[in-house]
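Have a look at the structure below before the remarks.
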Amino acid sequence: MIRFENVTKVYARGARPAVDDVSMEVRRGEFVFLVGASGSGKSTCLHLILREERPTSGKVFVAGRDLRSLSSWKVPNLRRGIGVVFQDFRLLPNKTVFENVAFALQVIGKPRHTIAITVPETLEMVGLAGKEKRRPHELSGGEQQRVAIARAFVNRPPILLADEPTGNLDPTTSLGIMRLLDRINRTGTTVVMATHDDDIVNQMRKRVIELDTGRVVRDQAHGSYVRSDEETEPLTNPDPAPMSAPTTVVRRSAHVDAAAGE
Amino acid sequence: MRFQFILTEIGQGLRRNLSMTISVVLVTFVSLTFVGAGLLLQAQIDKLKDDWYDKVEVSVFLCPVGSAEATCAGGEASPEQIDALETVFDDELGDQVERVYFESKEDAFASFSEQYPDGYLGTQLTVDDMQASFRLKLTDPQNYEVVNDVVTGRPGVEVVEDQRRIFDSLFLALNRASLMSAGLAAVMLLAAVLLITTTIRLSALSRRRETGIMRLVGASNLFIQLPFLLEGAIAAVLGAGLAVGGLWLTVKYLVTDWLAESVTWVAYVDGADVLRIAPVLLGIAFLLAAIASVVTLNRHTRV
């Protein structure tokens, strides 16, 4: 689904590469944590996948497309297949929850009846049914992030990128968000999440790709993560159970069994 | 959906920067009024030329008694010389000359006496003080030089005169006025482009969040930029509309209702001429907005 081949990205001439000779592959339906300290190149990797940046050298493939040779007028089409969630939510303050989610469909020209069906469905799935008319400032941080996730997922993209989605949230709320991302993953969506929240990584027991100063230093199937700034402090929960058994198959247009509360 | 969505966006954008929008409208209005005034002056000049050049002639004055010109050394133009000149008009200048009218000195004296029955400034002139002349009507008044070259210097010809000269100073004045108008228009148009650029930039900055999200969810470039483009275009076209309206009112009240009533022997521009230049003004407004948008948008809303 996503493949990096010896990708190097240098922002300013002569500067240290933000991403240095990275090769990795994320397969369809995988859930991958991209971990590492600030400045390790996590965000640059996401920018490269979104074709917000082009690699200085090497190749990036997303859904079979070589992003190096992708002409810029095809970039919007690429991005329609990728949902993105950020640490700072990036909601439109003067629009309601419903309008924020609908906005993503309006601007790519979806017909009104599609919006009328898909948006409530998605809001229900992320656990915001009944809050359609609220504005972002009337919601808690976790709820705002759910709106952002709904917006990213409303077009049912095959890939969901999350850049520190729990960075502004407390641990309990974060857990709810992670459950939601996990559910989205189990609809068949490939999820790549950049984070340095070790608790979450360790609880989820998913594939971990660790970056350090732009290089891949570890790629582990059911990995854990120890933050380097915390030295070797033992994990709070040395053997956490996976949050959910990955056996249940959820249909893509998910009907909802109430998302975890906050 | 798309269409309605874009319309909503445009409405919001125009309202959000209302004062800027108004200033864009006004600046385009003033600048295009100057452009239009220049164009109307040119139209007026063309009308005068059409009107007057039809009436003007080239006069070939023949040697009178006692002329100092070298070609008149033989004294008054003889009937042979006059005949020779007529042949020249018929043969050599057959294409240029549409009509020839010969005015003998008796005819000239008659029309002079008619004009000044009491003599000119107290002088007593006789038939011999008059001079005979040919009046030539040219097929194209612009060909005066050709006629002049052929006729000047022939025996019996004292001087060739183009009546168009009389109008030259008037046309010069009108031409200068339209040049000045064009100069002012250029300055104002520059101001308009800069102002539209600033307006679009402000608008783009105030909607950075929206456009950022649009880019991320895969809205096309055109879709993102269209509202901004149309905002600039709408403001500029509004200005052009005001300019056309202003010019039309000016022409109606100043020219058609007043000038044409008091000085009736001249052909004037009218409302139809204003309508004829209206598409030009609208086109310029659209072009202004397009230039400004291309300059700004590529920098502020790129994918």
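No value in this document is a laboratory result; all are computed from the given coordinates. A quick note: this is a predicted structure, and the numbers were derived from the prediction, not measured.
Which shape class applies to chain A: rounded if a/c is under 1.5, otherwise prolate when a/b exceeds b/c and oblate if not, where a ≥ b ≥ c are the square roots of the Cα gyration tensor eigenvalues?
Numbers: a/c = 1.72, a/b = 1.20, b/c = 1.43.
Because a/c hits 1.5 or more and a/b fails to exceed b/c, chain A counts as oblate.
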| remark: Going residue by residue through region B:54-63, the Karplus relation 6.51 cos²θ - 1.76 cosθ + 1.60 with θ = phi - 60° gives ³J(HN,Hα) values, rounded to whole Hz and with x marking Gly or Pro, of 5, 8, 7, 9, 9, 9, 10, 7, 8, 4
| task | Assuming 1.306 mPa s and 10 °C, estimate D for region A:1-101 with Stokes-Einstein, Rh taken as the Kirkwood radius over Cα pairs, in µm²/s. | result | 106 µm²/s
| query | Based on the Cα gyration tensor of the protein assembly as shown, what are the three equivalent ellipsoid semi-axes, each the root of five times an eigenvalue, rounded to whole Å and given largest first? | reply | 88, 25, 17
| note | What the 10 Å binned alpha carbon P(r) of region A:79-121 shows, as percent of pairs per bin from 0, is 25, 56, 18, 0
| request: Take every Cα-Cα pair in region B:57-163 and report what % of them are more than 23 Å apart. | output: 29 percent
| note | In degrees rounded to 10, the 0-90 angle between helix B:105-115 Cα long axis and the longest Cα principal axis of chain B is 60 degrees
| Once you treat every alpha carbon in chain B as an equal point and sum by Debye, what is log10 I(q)/I(0) at q = 0.14, 0.15 Å⁻¹? | -1.03, -1.10
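Please tell me the relative contact order of region B:57-163 in percent, rounded to the nearest whole number, where contacts are Cα pairs under 8 Å and at least six residues apart.
Numbers: 168 pairs, mean separation 54.8, N = 107.
Reported relative contact order: 51 percent.
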